[in-house]
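Below is one structure, written out as structure tokens, with a few remarks after it.
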Amino acid sequence: MRWQDNLTVVLVETRNPLNIGAAARAMLNFGFTRMVLVAPYEVAFQEARSAVGAASVLASARVFPGLAEAVAGCTLVVGTASAGKRVFHQPRHLLPEAASRLRAHLERERAALLFGSEKFGLSNEHLSYCQWTVRIPTNSRCPSMNLGQAVALCCYEMARTTASGQAKGSLHRRAAADQLERIVARLSGVLDASGYINLRTRRSHLLKIRRLVRRLDLSPDDAQVLEGMLRQIDWKLARDNRKSGP
């Protein structure tokens, strides 16, 4: 398998068919063929599919209602986002370094590269699925880029670079995104049952938990052990609650 086949380009809530088409063409220009769309504007997606150019990428593109399903199976999830006034909770890497790190990972395992909607970009919830983010060094007076151009730049950088020695030398295997999301669900359930999570702030707690789990950089085996621990705790709490019930 070519290393390019390990990359999934994920477009989140895209609304413009021209941008979808431009992203598909840019991918194909540099040898990438796996495209996924998350909750796209349906009319835009169908219009893009009927357009000429990069038809093979669009014809095989998959659509998912949520981001968790879209990145399942990927052991690295990376988001693209302009800086603005946002506070980032993930490490930030300039595009050249990010491309080298991604290229090294793709030599061995699957990764997802996320692009947000034209109007809003990636939300904090979307970014909570990411281990780190990419910063394209744009002019501060005009920080946001056209979606198709951003996809083209990222694909070009990965195609022209070589894997960084530091990243390429690492043999650490990472747990897949869907395995990490099961841990997030288990941990959230346990914290709900314990009363730790306040209902009014539950959404922000879930984002913090998801970011925490991804920062742990778990291997598949360690993730399996942790999930088993949380499953047992969850079962014990449920049993004790049944015993103390009326």
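Coordinate-derived values only; no laboratory data. Bear in mind the structure is a predicted one, so any value in this text is a computation, not a measurement. Cβ: placed from backbone, ideal geometry, glycine included. Neighbour counts: every protein chain shown.
Taking 7 Å steps out from each Cα toward its Cβ at residue 15 and residue 229 produces label points 4.4 nm apart. Note the angle between two axes, namely the Cα long axis of helix 202-215 and the longest principal axis of the Cα atoms of the chain, as a number of degrees from 0 to 90, rounded to the nearest 10. Helix 202-215 sits roughly 70 degrees off the main axis of the chain.
Relative contact order, percent, of the chain when contacts are C-alpha pairs under 8 Å separated by at least 6 residues? Mind showing how you got there, number by number?
On the way: 397 pairs, mean separation 55.4, N = 246.
After rounding, I find 23 percent.
Label point 7 Å out from residue 215 along Cα-to-Cβ: which residues of segment 124-151 have amide N under 20 Å? The answer is 124-135.
Looking at the square roots a ≥ b ≥ c of the eigenvalues of the Cα gyration tensor of segment 102-211, which shape do they give, rounded for a/c under 1.5, prolate if a/b is larger than b/c, or oblate?
Values: a/c = 3.11, a/b = 1.43, b/c = 2.18.
Here segment 102-211 falls in the oblate category.
Between residue 139 and residue 222, the modelled labels are 4.4 nm apart [label points 7 Å from Cα along Cα→Cβ]. Calculated FRET efficiency, residue 47 to residue 1, Cβ-Cβ distance, R0 = 30 Å: about 0.40 to the nearest 0.05. Computed over the chain, the Cα gyration tensor eigenvalues convert (square root of 5λ each) into semi-axes of 34, 21, 18 Å, ordered from largest to smallest. Look at the alpha carbon pairs under 8 Å that are at least 6 residues apart: their mean separation over the length of segment 177-244 gives a relative contact order of 53 percent. Taking the 0 to 90 degree range and rounding to the nearest ten, how far is the long axis of helix 17-29 tilted relative to the main principal axis of the chain, both from C-alpha atoms? Around 80 degrees separate the two axes.
Restricting the calculation to Cα atoms, segment 187-246 yields a radius of gyration followed by a Dmax of 13.5, 43 Å.
Between residue 172 and residue 199, what is the FRET efficiency for a Förster distance of 45 Å, r being their Cβ-Cβ separation, to the nearest 0.05?
On the way: r = 37 Å, r/R0 = 0.83.
It comes to 0.75.
Listed peptides 90-97, 29-36 appear in the order 29-36, 90-97 once ranked by packing, highest mean of other Cβ atoms within 10 Å at the front. What you get for segment 3-168, charging only the Cβ of Lys and Arg (+1) and of Asp and Glu (-1), is a dipole of about 400 debye around the Cα centre.
Here the simple spin-label model places points 7 Å from the Cα toward Cβ, and for residue 238 and residue 56 these points are separated by 4.7 nm.
What's the angle, to the nearest 10 degrees (0 to 90), between helix 147-160's Cα axis and the longest principal axis of the chain? Tilt relative to the chain: about 90 degrees. When both bridge partners sit in the chain, DSSP labels roughly 5% of those beta bridges antiparallel. Between residue 219 and 175, the built amide H atoms are under 5 Å apart, and every one of these is 5 or more places off in sequence or on another chain. The HN-Hα couplings worked out from phi for segment 114-128 by the Karplus form 6.51 cos²θ - 1.76 cosθ + 1.60 (θ = phi - 60°) are 9, 10, x, 5, 4, 8, 10, x, 8, 7, 4, 5, 4, 5, 5 Hz, whole numbers, x standing for Gly and Pro.
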